[in-house]
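What follows is a short report on a single structure.
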Amino acid sequence: MNFSLTEEQTALKDSIGKFLERDYTFDDRWKVIRSPEGWSREHWNQLAEIGLMALPVAEADGGLGGGVVDTMVVMEQIGKGLVLEPYLGCVVLPAALIKAAAGTEEAQRTSLSEGLASGETLYAFAHTEPGQRYERASVALAATPQGDGYVLSGKKISVLGGDCADVLIVSAKVPGDTEASLFVVPATAAGVTRHAYPMQDAQRGADIQFSNVTVGADALLGARGKAQAAIDYALDVACAALCAEAVGAMTELQKITIEYLKTRKQFGRALGTNQALQHRAVDMLMHVEMSRSMALEAAVSVDNPDAAARAKAISGAKTLVSQACRFVGQNAVQLHGGIGVTHELNTSHYFKRLTMISVTFGDGDWHLARYGDALLHAA
Amino acid sequence: MDLRYSPEQQIFEKEVREFTRENLDPNVARKVLEGCRLEREDFLSWHRALHKKGWVGVGWPKEFGGTGWDATQQHIFDEVTADAGAPQLIPFGLRMVAPVIMNFGNKAQQDYHLPKILSGENWWCQGYSEPGSGSDLASLKCKAERVGDHYIVNGQKTWTTLGQHADWIFCLVRTSSDGRQQEGISFLLIDMKTPGITVRPIIMLDQEHEVNEVWFDDVKVPVENRVGEENKGWTYAKFLLSHERTGIAGVGRCKRIVKRLQNVAKKALANGKPLIEDVRFRDRLAQVEIDLRALEITLLRVLDAEREKRQPGPEASLLKIKGSEIQQVLTELTMMAAGPAALPYVREGDNGAPDVEWLSDEAFRYATGHYFNFRKTSIYGGSNEIQRNIITQLVLGL
């Protein structure tokens, strides 16, 4: 048992920390929010220089071969700085998907990984559909065989990084197959229409319509009709990453709130002298620390070869962290009072990001049910 | 970063498991697993078995006859023995007064008391709380007046857990009323056989005799039974409380209860279907398991910090609050699983069988009693609200 970061991990954490201090102040971030793209290519390149894009890609595929704990370290910093650049959507998630779906097909893996690792090609995973909610296997977008290839028709929604991705990895179902397949589709392909929008937390996303999009057989990522395991794996990786991001954001929000309780005066004394508020702040701290423990659990469980054990651990973590996101976010706002519900203070920005994390790739209830299913099946 | 046990730790885990299987009295294990009341001898038979093996001084340094185990080994020991149904080692001697004697006692006190604590020859109980001093412990009034080579102790202690079995009591007494109230407290070791001591049972809401009142009426205590300096007892008292921090979460016991609850939920039927298929119950069970896992990892983080001699972080202070809350949820869930079987008040008959015949499922026999009994966990050891005050001051700095 060991809870320490390696020297490399500490160095990684520090370099992102420096980037945040130097180039990612609250004012810098506002500028990015107000830009047309809603994220900054310059920041992206800076993060690529630190090695973030290459981190989750295997060395054999041109990456740095980082592990899940490295991703955790990065995501915690991203949460701390409320980074808008689509690292989760365009790096962590597609890297896991490519690794799991392409598997031993080296040529395909390497060709897709190259642009991802350099930060030059942005990928996004187009999976969520209207009416699907969080059910991962419920894919309706049709991939109809035609000649050597397929024709894709259907709609994807709330695609993280879908606004800016160069290449989309699309889940689709070939009629008659029981499981989904994955297709690699250039975002500029004929028949692909994107409706990009800002999310509630100022990150960007898109709905993407596929109208008779023709792709070749080589667009298939992995085997046809056998993508569910890869989809589950990649979404579990994303959930673990979200847990770590939440811990970074919560820790910062907790700190900001305590500072405010110390400085804000009412009735001639600091707010923090009131026991009702003190105890609320302690409860927030407990949620943060329990979340930190479960983010660790998620990180070390994500590569467990036993998929059922992995699912249980990830869903346990995402349940607890989603609940904590709500509790810490809501109470940070409450303890701030009126100023907490304004746009001008970063408190509300943390609150919004934490809220989005709590409903991304399964909310607390969905993951609690998934954990409960594991109990039922063990019975 | 790795949450798994190392190969050495796995070997240790196996060794503890095997030892427990061979040395834990099956009848005692049955009583623990079924939640029966334990007699003095039930605790002591396990204590003596461990002592023979040299495993009773968990957390003690080797020089005093301790196991010398690191924090992770202690956790493994706790988890494995709890899972097998071993009774909890009574903490008052081993985990509470012993560290105080080791750190602040003199050589004579160490030589006399520590071996008898290790062997189980002397059973200790705790004289802290008083009727007027609960959370506000430093306001205690039990008085010790110096007369020659003795203190004359007068007053009352309360909530004395298992004091009916005790041979010795460690007591916080007032030796001065000058200055701050914390500065007039001394720490005395008192033989329970001393004339003038009366132990009276307090029957708790589950109708069990677990705690007592202890009365002191002109009790003569030799001055050499004072630990450390006169009027410095508060320092030792606080040391004792903080020393106990990691044990109080009760993670090992909670894991055992969860396991039992899982089994119960598979067996208990409603309309012919097991309870685990009821989504509302399943959600509650899943939630408490998740919370317990988070607590366990938090505990491991604290133990790891202690191993590396880093200052325990804020997480250490959270263990008591979270641990007691989870224990309470587990007893509540067990009572809910019992359904209508939660209603009868069951006594053990002379033959060990319950006097309500249809309540044959041992898992439910004491479910409600335990639910009532476990309300204590958020009150004792410094109530959870006091813990929040401590965290407010020491961690948040408010």
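Laboratory data are not the source of any read-out in this text; all were calculated from the coordinates shown. All figures in this text were calculated on a predicted structure; none of them were measured in a lab. Quick reminder, even Gly has a Cβ in these numbers, built from the backbone with ideal geometry, and neighbours come from all protein chains shown.
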Checklist entry - Which translational diffusion coefficient, to the nearest whole µm²/s, is obtained for segment B:7-89 from the Stokes-Einstein equation, given a Kirkwood hydrodynamic radius over C-alpha pairs, 4 °C and 1.567 mPa s? => result 99 µm²/s
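Which whole-number percent of Cα pairs in the protein assembly as shown have a distance greater than 49 Å?
28 percent
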Checklist entry - Which whole-number percent is the relative contact order of segment B:123-232 (Cα, under 8 Å, 6+ apart)? => result 30 percent
Checklist entry - log10 I(q)/I(0), Debye, Cα-only segment A:228-378, no solvent, q = 0.17, 0.18 Å⁻¹? => result -0.87, -0.94
Item to check | Contour minus Cα-Cα distance for residue B:267 and residue B:176 (0.36 nm per residue) | outcome: 26.8 nm
Checklist entry - Separation between the residue B:200 and residue A:306 pseudo-spin-labels, each 7 Å from Cα along Cα→Cβ, expressed in nm? => result 5.5 nm
Checklist entry - Given the C-alpha centroids of segment A:209-280 and segment A:113-161, what is the distance between them in whole angstrom? => result 22 Å
Checklist entry - What list of ³J(HN,Hα) values in whole Hz, one per residue of segment B:100-117 in order, does the Karplus curve 6.51 cos²θ - 1.76 cosθ + 1.60 (θ = phi - 60°) give from phi, with Gly and Pro shown as x? => result 5, 5, 4, 8, 10, x, 8, 4, 4, 5, 5, 5, 7, 7, 4, x, 6, 6
Item to check | Cα coordinate range in segment A:109-267, projected on the principal axes (Å, largest first) | outcome: 76, 31, 29
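DSSP loop (so not H, G, I, E, B), at most 16 other Cβ within 10 Å: list which chymotrypsin sites (Phe, Trp or Tyr not before Pro) in segment A:257-361 pass both filters.
A:267
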Checklist entry - By how many degrees, 0 to 90 and rounded to 10, does the Cα axis of helix B:71-84 deviate from the longest principal axis of chain B? => result 50 degrees
Checklist entry - Contour minus end-to-end for residue B:13 and residue B:138, with contour as 0.36 nm per residue of separation and end-to-end as the Cα-Cα distance? => result 40.9 nm
Checklist outcome for this item: The answer for the net charge of residues other than residue B:177 whose Cβ lies under 13 angstrom from its Cβ, with Lys and Arg +1 and Asp and Glu -1, is +1
Next on the checklist: Can you tell me the orientation of helix A:346-359 relative to chain A, as the angle in degrees between its alpha-carbon axis and the longest Cα principal axis, to the nearest 10?
Outcome noted: 40 degrees
Checklist entry - For labels at residue A:148 and residue A:342 in the simple 7 Å Cα→Cβ model, what's the distance in nm? => result 6.3 nm
Next on the checklist: Using DSSP to call loops (not H, G, I, E or B), can you name the trypsin sites (Lys or Arg not before Pro) in segment B:81-178 whose Cβ has at most 15 other Cβ atoms within 10 angstrom?
Outcome noted: B:141
Item to check | chain A, relative contact order in percent, only Cα pairs under 8 angstrom and at least six apart counted | outcome: 15 percent
Checklist entry - Placing +1 at every Lys and Arg Cβ and -1 at every Asp and Glu Cβ, with all other atoms neutral, what dipole size does segment A:228-378 have around its Cα centre, in debye to the nearest 20? => result 740 debye
Checklist entry - Along the Cα-to-Cβ line of residue A:365, 7 Å from the Cα, sits a label point; which residues in segment A:290-315 have backbone N less than 19 Å from it? => result A:315
Item to check | Distance histogram for segment B:123-232 (every C-alpha pair counted, 10 angstrom bins, percent rounded to whole numbers) | outcome: 16, 49, 29, 6, 0
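If we count every other residue with Cβ under 15 angstrom of residue A:332's Cβ, Lys/Arg +1 and Asp/Glu -1, where does the sum land?
The answer is +4.
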Checklist entry - Gain in length, residue A:106 to residue A:189, computed as 0.36 nm per residue apart minus the alpha-carbon separation, to one decimal in nm? => result 27.4 nm
Checklist entry - Could you list, bin by bin from short to long, the percent of Cα-Cα pairs of chain A in 10 Å steps? => result 5, 24, 33, 25, 10, 3, 1, 0
Checklist outcome for this item: The Rg/Rh figure for chain B, Cα atoms and Kirkwood Rh, to two decimals is 0.97
Checklist entry - Across 5 Å bins from the origin, how do the percents of Cα pairs in segment A:1-88 run, short distances first? => result 3, 13, 25, 24, 17, 10, 5, 2, 0, 0
Next on the checklist: Looking at chain B as a GNM with Cα springs under 10 Å, which of B:57, B:148, B:134 has the largest mean-square fluctuation?
Outcome noted: B:148
Item to check | Per-residue ³J(HN,Hα) for segment B:286-302, Karplus 6.51 cos²θ - 1.76 cosθ + 1.60, θ = phi - 60°, Hz, x for Gly and Pro | outcome: 4, 4, 6, 5, 5, 4, 5, 4, 4, 5, 4, 5, 4, 4, 4, 5, 5
Next on the checklist: Please compute the modelled spin-label separation between residue A:42 and residue A:23, points set 7 Å along Cα→Cβ, answer in nm with one decimal.
Outcome noted: 0.9 nm
Checklist entry - Cα centroids of segment B:1-68 and segment A:163-180: how far apart, whole angstrom? => result 55 Å
